[in-house]
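The values are calculated or read from the model by the stated rules, or taken from the named source; none is laboratory data. These numbers were taken from a predicted model, which means no experiment stands behind them. Cβ atoms come from the backbone with ideal geometry, glycine included; neighbour counts cover every protein chain shown. Remember, those area values only see protein heavy atoms, side chains included, never the ligands or the DNA or RNA. Shrake-Rupley method; radii C 1.70, N 1.55, O 1.52, S 1.80 Å.
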Amino acid sequence: MAATALPRTRGHARPSARRPLGIVPTGVLVLGAIYTLFPVSWVVVAATKSKAELFSTSTFAPGTGLLSNLADLFAYRDGVFWLWLLNTVLYAGGGAVLSTAVSTISGYTLAKYSFPGRGLIFNLLIGGILVPSVVLAIPQYLLFSKAGLADTYWSVLLPQILHPYSIYLARIYSQAAIPGSLLEAGRLDGAGEWRLFRQVALPLLTPGMATIFLFQFVAIWNNFLLPFIMLGDDHRFPLTVGLYTLLAAGANQPSLYNLIITGTMLSLIPLIALFLTMQRYWRTDLSGGAVKS
Amino acid sequence: MRVNRLAVAAVAILATALSTACSGGSDEPSGQAASQSAAPAGPVKLTYWTWVPNMDKIVTAWNQAHPDIQVTVSKQAGGDDAAAKFLTAAKAGNPPDLVQAEYQMLPSFVAADAVADLKAETAQAKAEFSAGIWGLVTLGTDAVYAVPQDSGPMMLYYRKDLFAKYGIEVPKTWDEYAEAARAVHRKDPKVFLGTFSSKDPGWFAGLSQQAGAQWWSISGDAWKVAVNDEATKKVASYWGGLVKEGVIDGMPYFTPEWNKALNDGRLLTWPSAVWGPGVLSSNAPKAKGKWAIAPLPQWNAGENHSGFWGGSSTAVAAKSPNKAAAAKFATWLNTDPQALGLLIKEGAVYPASTKGAALMTEAPDYFSNQPDFWKQAADIGATARGFTFGPNVGVTYNAYKDAFDKAVAAKSDFAAAVQSMQDATVADMQKSGFTLAQ
């Protein structure tokens, strides 16, 4: 995000460069951008190095091995990389869509309806935010084993659907973006609650939903521990766990560093593409309001 | 009311999803029940967790010859994580039928009742292995907990060209090794004869085995823990002294900086195991043909000992419903000539079986300058001695990393680090309820 925000900030800052304070936020953002882009650029450069070049040439000197790395990676175990990529897309895409749906409905309900126990549920959710999901992975594994669901696609999808922070986000966003008067007007016009949600609330919630979707997509895409514990069958592995099997290949096998780095670089591309294409949903935020509060 | 209906609908959808998932993914989780009733009808299905490269190809050979026992390989990340994952799966009740078990991890599997006793099924396989290696899977008891797969006798890898350049001889004793370390470092302060790795407890265990250490032993029902025995303290103090002197480096193995030092010719030796060529060819490709092997330096001139670093076995899960079939496969994999040939060729494994070691004839490409590589390796392998591993090697190994990290950084007393390994091991075993002999 820092990367995409940078050019715009710079563009705004130029015309009013005379203001002494104007340079400070830009400077901070530039530093942040360098901080986040540095490792990424290392991955990109290192992916071009062949096995022999990886540890012997200087860090940011591009190598000559990109094509052979790609070919090796795609040939590794008959192209298992593509399967892992597909799995990751399924986990991250499916998980993020379901999680966004659940979070939006829950957040909207918590924000716009008052019912007994609302405060309790919300406080429980806030408590849930404080429990890191890492801590839950093993108990979840034991539970899923009891249910006979361990080592299935569901074992990775289900635990990531309910995400307290996303619900919290959806509630805050619903409160701010949907004026109560708009719903009231809809009710007076005879719309049912379901229709209100679908036709009045949902369009207003889109930017918030895009945010939740992105958060969850990235979180699941990068998640390692949960699939590592849940999955035994390597044909269900996501990229994170799959590439790890290349790294920890046992004491007597060399780590396939160049394949791991190339795989990491490739797995960054969908994330970057997603951020670039989803940006426009944030802009609709500005034109989204229908009533003046 | 509408909201309530919505909630009911959501719950219903979730429930349907769950039940379809149950029926969809039933082959593994409910396999226990299914295969017991279905075993006579269809082929027995076994799952196998391993990290040997190309194991799927080796298993294909088995599957073609044995239509009634079909094995599916699931390639895992190797090392300590794999052991932890297997123990968790065994505890949860859905382990794989077969699992690759490193020798040092086998006792913890046994202590957790996670692996089956294969004594009856492996009666004939016993003759295929040397007594020392067989001891690693029996743990000195009457039971047999796994079939040995590969072993890692230790030897000294050294840069032949750079030894000539700096004018040093291949050290025969550790005293000579220390002298050589001083000589090399004097000639070029950027160059080291070797490095002490605080990240590789298995390496240190192997060196201690060479010196005659016995970290664990069983007497009756009680465990005896002697991580701080004289042999181990001798090894630790030796390396500690050299690190303190500054003539041996303190960077860990298998790190990018280590790779770089190997490539730049700033590290001249690596006391390592027989699987070293794979690592060197991948991490230091530029030095191909420049390395050679020799027996480890000895503690006393004229002695001939080595230790083991690494090596693993094939174990059968105690909860597997098809133990007999799994044991049959494990025996085939590690003793059948066809399987051994495939393990060597496809899996780059140094087989533990005597027959398998004899199959190794062509020197590794990286060591093409040393055509008798495997002959030397076999001679050295015959001198290697191991020890019984305890049920909490993970704790001991972690204590090694913690204590020696600090000791190397501070160049402080290495024997004290060994003492803290001992203390951590004993404390953990007491906490876990093992009886300890004094």
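What tally of residues in the stretch B:52-82 results from selecting those that are open to solvent by less than 10 Å² (accessible area, probe 1.4 Å) and part of a helix (DSSP H, G or I)?
Residues that pass the stated criteria total 4.
Among B:G310, B:G347, which is touching a helix residue (DSSP H, G or I) at 6+ places or on another chain (Cβ under 8 Å) and on the phi > 0 side of the Ramachandran plot?
After ruling out the rest, the residue left standing is B:G310.
Consider the stretch A:132-143. How many of its residues are away from every other protein chain (no Cβ under 14 Å) and either of a type in the set (V, I, T) or part of a loop (DSSP other than H, G, I, E, B) (or both)?
The number of residues fulfilling the criteria is 3.
Tell me the residue from A:L274, A:L231 that is within 12 Å of chain B (Cβ to nearest Cβ) and farther than 28 Å from B:S282 by Cα, please.
Answer to the check: A:L231.
Regarding B:K160, is this residue of a type in the set (K, R), within 14 Å of chain A (Cβ to nearest Cβ) and open to solvent by 10 Å² or more (accessible area, probe 1.4 Å)?
Against the criterion (of a type in the set (K, R), within 14 Å of chain A (Cβ to nearest Cβ) and open to solvent by 10 Å² or more (accessible area, probe 1.4 Å)), B:K160 does not qualify.
Any chance the stretch B:262-280 includes a residue that's under 19 Å from B:A409 (Cβ atoms), outside any strand (DSSP E or B) and at pLDDT 90 or above?
no
Can you list the helices (runs of 4 or more DSSP H) lying wholly within the stretch B:137-248 that have 3 or more residues being touching a Ser or Thr at 6+ places or on another chain (Cβ under 7 Å) and assigned by TED's automatic domain parsing to the domain that holds B:P277?
B:201-210, B:230-245
Exactly one condition in (1) at the interface with chain B (Cβ under 9 Å from one of its Cβ atoms); (2) surrounded by fewer than 16 Cβ atoms within 10 Å (Cβ to Cβ); (3) in contact (Cβ under 8 Å) with a residue 24 or more places away in the chain is not met by A:K146; state its number.
(3)
Among the residues of the stretch B:89-103, write down those that are within 16 Å of A:F144 (Cβ to Cβ) and more than 10 Å from chain A (Cβ to nearest Cβ).
Across the stretch B:89-103, the qualifying residue is only B:A90.
Looking at (1) open to solvent by less than 40 Å² (accessible area, probe 1.4 Å); (2) under 17 Å from B:K406 (Cα atoms), which is the only condition B:K244 fails?
For B:K244, the failing item is (1).
So which residues in the stretch A:18-77 are more than 14 Å from every other protein chain (Cβ to nearest Cβ), open to solvent by 70 Å² or more (accessible area, probe 1.4 Å) and of a type in the set (F, W, Y)?
Selection gives A:Y35, A:F38, A:F60.
Does the stretch B:97-116 contain at least one residue that is in contact with a strand residue (DSSP E or B) (Cβ under 7 Å, 6 or more places away or on another chain), more than 30 Å from B:V279 (Cβ to Cβ) and not aliphatic (A, V, I, L, M)?
Yes: one or more hits.
Surrounded by fewer than 18 Cβ atoms within 10 Å (Cβ to Cβ), more than 9 Å from chain B (Cβ to nearest Cβ) and under 30 Å from B:F86 (Cβ atoms): which single residue out of A:L239, A:L225, A:L243, A:L188 fits that description?
The unique qualifying residue is A:L225.
For the stretch B:281-319, which residues satisfy the criterion of being assigned to a loop (DSSP other than H, G, I, E, B) and crowded, with 24+ Cβ neighbours inside 10 Å?
Hits for the stretch B:281-319 are B:A284, B:L296, B:G307.
Count, please, the residues in the stretch B:109-139 that happen to be more than 17 Å from B:L333 (Cα to Cα), open to solvent by less than 20 Å² (accessible area, probe 1.4 Å) and not hydrophobic (A, V, I, L, M, F, W, C).
Of the residues in that region, 1 qualify.
Pick from B:W203, B:W216: which is in contact with a strand residue (DSSP E or B) (Cβ under 7 Å, 6 or more places away or on another chain), more than 14 Å from chain A (Cβ to nearest Cβ), open to solvent by less than 10 Å² (accessible area, probe 1.4 Å) and closer than 21 Å to B:S151 by Cα?
Answer to the selection: B:W216.
Does at least one position in the stretch B:219-227 carry a residue that is open to solvent by less than 10 Å² (accessible area, probe 1.4 Å) and either among the polar types (S, T, N, Q) or within 29 Å of B:D365 (Cα to Cα) (or both)?
no
Mind checking which pairs have a first residue in the stretch B:394-416 that is among the acidic types (D, E) and a second that is surrounded by 21 or more Cβ atoms within 10 Å (Cβ to Cβ), Cβ under 8 Å, 6 or more apart or different chains?
B:D405/B:S198; B:D413/B:G240; B:D413/B:A407
Could you identify the single residue in B:F373, B:F404, B:F414 that is out of contact with any Ser or Thr (no Cβ under 7 Å at 6 or more places or on another chain) and under 29 Å from B:M251 (Cα atoms)?
On inspection, the qualifying residue turns out to be B:F373.
Out of B:P95, B:P171, I need the residue that is in contact (Cβ under 8 Å) with a residue 60 or more places away in the chain and either surrounded by 23 or more Cβ atoms within 10 Å (Cβ to Cβ) or under 20 Å from the mean Cα position of the chain (by Cα) (or both). Which one?
Just a single option satisfies the conditions, and that option is B:P95.
For the stretch A:152-201, give me the residue count where each residue is not β-branched (V, I, T) and not in a helix (DSSP H, G or I).
Qualifying residue count, the stretch A:152-201: 7.
Output the residues belonging to the stretch A:116-131 that are open to solvent by 70 Å² or more (accessible area, probe 1.4 Å) and either outside any helix (DSSP H, G or I) or touching a residue at least 40 places away in the same chain (Cβ under 8 Å) (or both).
A:P116
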